[in-house]
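Written out below as structure tokens is the structure these notes cover.
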Amino acid sequence: MTKISILGCGWLGLPLAKALLGKGFSVNGSTTFTEKLLALENEGISPFLVSLDSKSVSGTVESFLQERSTLIIDIPPKLRGSNKENFVEKIKVLIPFIEKSSVKNVLFVSSTSIYGEENDIVTEESPLNPDTESGKQLVEAEQLLQSNRHFKTTVLRFGGLIGEDRHPVRFLAGRENIDNPEAPINLIHQQDCIGIILKIIETNSWNETFNAATPFHPTRENYYTQKAMDLNLALPKFNHENVSIGKTILSDNIQTKLNYNFTKPNL
């Protein structure tokens, strides 16, 4: 039985841990909040309090990684607001603990923001051109992990994350002068995020890089207008004065290398 640790049992990490338990895996899960430890334990997840900053790792990280063969890193950069962090330094601090552990395979959850925003078709071979600080730090973190010879790292670059309780249309509803009406959407449902990760683990697809966005790319205006109508929300209004800019993320490797079929193809 594969023993897995998930660093970051949040919006994606927690349901992922539940799905792995359902497949018979042994799962360690981390949180930075003491009050969440019991909730993890009640789900059958072995709970650990682990916190990273740019200088150190606090908590029981050695025990969290002990006798684990696979580590999933699902801790997005926090670069907004007053509590900004150096995400790259956090990964640098974590790596020696991975090297000393039994972990042989790492799955790093990244983002398609590393490609920047250009009118282009994007594959895993496309040049990296991040135009945000989080994108730039994700690129460096990917490179640090994939260049390490102590373990194999697969990078999974998700598009915009949506789920039953999370959808950008709720933020856009009723807003006016929204840019890029003709840009394509690049979203992926939580269920497919979990399904793809399970497939990577089941097929031992390590030392790989995958884009993960559902192959459904209507324009932002068409998609969000229809979604607002479906949910009885105020319609968003888009600005057509400027030229729309937006990439189209292809996830062909997900379907060819992993033989994965998206369960939420139309979002």
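Just so you know, all these numbers are worked out from the coordinates, no wet-lab data involved. Fair warning: this is a prediction, and the values are worked out from it, not measured in the lab. FYI the Cβ positions are ideal-geometry reconstructions off the backbone, even for glycines, and counts take in every protein chain you see.
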When only C-alpha pairs under 8 Å and at least 6 residues apart count, what is the relative contact order of the chain, in percent? 17
Zone of residue 257's modelled label, taken as backbone nitrogen in the stretch 119-145 under 14 Å from a point 7 Å along Cα→Cβ: 123-126
Full extension from residue 25 to residue 89: what is 0.36 nm times the residue separation minus their Cα-Cα distance, to one decimal in nm? 20.0 nm
Which order results if 121, 201, 249, 4 are arranged by neighbouring Cβ count within 10 Å, fewest first? 121, 201, 4, 249
What spacing in nm lies between the two simple spin-label points modelled at residue 102 and residue 58, each 7 Å away from Cα in the Cβ direction? 2.9
State which entries of 3/92; 237/264; 78/247; 100/247 exceed 29 angstrom in Cα-Cα distance in the structure shown. 100/247
MRE, 222 nm, helices only [DSSP H, n ≥ 4, -39500 (n - 2.57), over the chain, to nearest 500]: -8500 deg cm²/dmol
Please list, in order along the stretch 107-124, the HN-Hα scalar couplings obtained from phi with the Karplus expression 6.51 cos²θ - 1.76 cosθ + 1.60 (θ = phi - 60°), rounded to whole Hz, x for Gly and Pro. 10, 9, 7, 10, 8, 6, 5, 5, 8, x, 10, 9, 7, 7, 8, 10, 10, 5
Going fewest to most other Cβ atoms within 10 Å around each Cβ, 182, 35, 99 line up as 35, 99, 182
